[in-house]
Amino acid sequence: MISILPRQKMARNEALWFWLFISPWIVGLILFRGGPILASLALSFTEYNVADPPNPVGFENYARLLQDDIFYKSLKVSGLYTLMAVPLGIVVSLLMAMLLNQKGVPFLGVFRTLYYIPALVAGSVAVALLFQWLLNPSFGIINFLISRFVGEEGLIPLGLSGPRWFFDPNWVVPSFVLMSLWGFGGSMLIYLAGLQGVPTALYEAARIDGAGAFRRFRNVTLPMISPVILFTFITGMIGSFQIFTPAYIVSGGVGGPAYASMFYVLYLYLNAFRRYRFGFASTQAWFLFIIILILTIIALRASRSAVYYESPGDDKMI
Amino acid sequence: MAGIATAILVLGLTVVLFPLFWMLSTSLKGEIEALKIPPNWIPKSFQWVNYRDALTHNPFGTYFRNTFYFAGMVVIGEVLSNSFIAYGFARLRAPGRNVLFIMVLATLMVPAEVTIIPTYVLFANIPGQWLNTYNPLIVPAWLGSAYLIFLLRQFYLGIPYEYDESARLEGASRFGIWWRIILPLSKPALGAVAIMSFIFHWNTFQGPLIYINDNAKFPVSLGLSMFRTPFGGTPQHWYMAASLAVIAPCIVVFFIAQRYFIQGIVVSGVKG
């Protein structure tokens, strides 16, 4: 039974179905995305503790934030962490992906799977506890290995000893960076897929032109996978600025020692859900939003000359 | 060249897997042996009893049950809702569709921290007792997530339109096409979504920390974080036993379904 509908009516019918199908997203947008974004902006101009109605205070939260030493400290901690963790993560995962992509490497599937395991649980409570134990200054295996290799009676007796990691304010951020590096398997897989997409003909051509391994990397590999690098760079940056769980677990939710693990989002959480300063915390959230937006725009701008797209003007969203 | 690469890869793998080995090793030692320097690489005798002690000292059975309920409900919600929404965006034409899809992508840019406080305020104020339940964490999952809508839409764009056309000629409704044709055809993509979603929510911490206060309702992540006892901490061998027990389901699920999983990671990363 085929009913021939007039074209317009059919299009209207299709549009109706479209709205029906996306209706859950519309409800979610209003209740859990768009609505809260506006509400959060409004709350940032109030004093609010959930129990009493919000009390408008104008720009006071913004002024107070700019005079808050711990806020600056948290910016520094998260900024430093991002600055170290993101580039290091890219270098390590790209190097490993290139090794995996070598012709003739056996058990590719097995390597891929096993390297990915840490990424599965990265950022979880269990991993934070694990690294606390590995990096324990007195009983941890890492410091034991350091003393074995470069300690006074070590293999190469340099008399060095391991740092106090999470207990030394200067070593706290590097310790978290180490923890994040352990989960490099995720971006390694993405790079591997990108590398496998580079046409072998390009390498052949470069070889015929007499390009060595390094030149081939610089002039073929790097440009071809630069969009993937940009993608992991931006998502990595955003993710690093939002790190919470490891900092909360390792510092027992207080951000010590000497605020050295007071990451941005940890301080935000403490202001909101421990001190019930929801207005002030909303201000912090908006600051974070703006920071991420600016960093993303800078990254996109800076990459315009460095990133190579095979077909200019296609439908790439970023 | 391949030989050197393989050697480095094997060495790298030892480094990467060592922390997990050490977790297992510590979890099977006695309390004093766990702190011994120089350490025993392999425990003198395997203290399997640590697992029983660590997991019964706090009610981990309850935590596991809670987490299966929470992650399960979220996975069902995310698979159904996102495939439903993505079908609309991928295969139905309507004025304004592209603008709306750009809005989907725009919400990806908004950090969760911006919405977390108003969402909490919303759940604290609506009628019925929503705080200290999993509903604030489950209900939003049934209303679509931008990332998964994007991922599934890309997949649906690749399914030939002839399937829809012939089903329509046989009188199937749009809903029927989604349910009987698109869903079965997209099993690999939905598998990837389900596994990624399960593993993510199994480990998630911040949401439960904000909403769940009652020890009997804790998921494993909160249970593990509260393991710390006030009288001078928990012994390391217990910590490691409980931690390993908590991440074990993730690793098992990953090995069972890793083909789907790796596909999902690669698709979302490269096409992103």
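Please treat every number below as a calculation from the coordinates, not as lab data. Please read these numbers as outputs of a predicted model, since none were measured by experiment. Positions of Cβ are generated from backbone atoms using ideal geometry, with glycine treated the same way; all protein chains shown enter the neighbour counts.
Values for this structure:
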quantity: Low-density loop cleavage sites - chymotrypsin sites (Phe, Trp or Tyr not before Pro) in the range A:75-119, where at most 16 other Cβ are within 10 Å (DSSP); calculated: A:Phe107
quantity: For chain B, average projected area of the Cα convex hull in nm²; calculated: 21.0
quantity: Cα principal axis extents for chain A, largest first, Å; calculated: 83, 64, 41
quantity: Ranked list, fewest to most other Cβ atoms within 10 Å of each Cβ, for A:Val127, B:Val10; calculated: B:Val10, A:Val127
quantity: Exposure rule at most 15 other beta-carbon atoms within 10 Å, DSSP loop trypsin sites (Lys or Arg not before Pro): chain A longest free segment; calculated: A:104-274
quantity: Fully extended contour minus Cα-Cα distance, from B:Leu17 to B:Ile4, at 0.36 nm per residue; calculated: 2.7 nm
quantity: Efficiency of FRET between B:Gln129 and A:Leu114 - r from beta-carbon atoms, R0 45 angstrom, step 0.05; calculated: 0.50
quantity: Approximate spin-label separation B:Glu31-A:Glu47, in nm, with each point projected 7 Å along Cα-to-Cβ; calculated: 4.9
quantity: Three semi-axes of the equivalent ellipsoid, the range A:33-94, Cα gyration tensor, whole Å, largest first; calculated: 34, 17, 9
quantity: Average silhouette area of the protein assembly as shown, convex hull of alpha-carbon atoms, in square nanometres; calculated: 32.1
quantity: Estimated FRET transfer efficiency (B:Leu169, A:Ser138; beta-carbon r; R0 45 Å; 0.05); calculated: 0.05
quantity: The range A:68-227 - convex hull of alpha carbons, volume per residue in Å³; calculated: 177
quantity: For B:Ser83, A:Ser23, A:Ser282, order by how many other beta-carbon atoms lie within 10 Å, fewest first; calculated: A:Ser23, B:Ser83, A:Ser282
quantity: Likely footprinting exposure, B:Phe64, B:Phe46, fewest C-beta neighbours within 10 Å first; calculated: B:Phe46, B:Phe64
quantity: Alpha carbon centroid spacing (whole Å) that separates the range A:140-203 from the range B:28-64; calculated: 27
quantity: Helix B:146-157 vs. chain B, principal-axis angle (Cα, 0 to 90°, nearest 10); calculated: 50
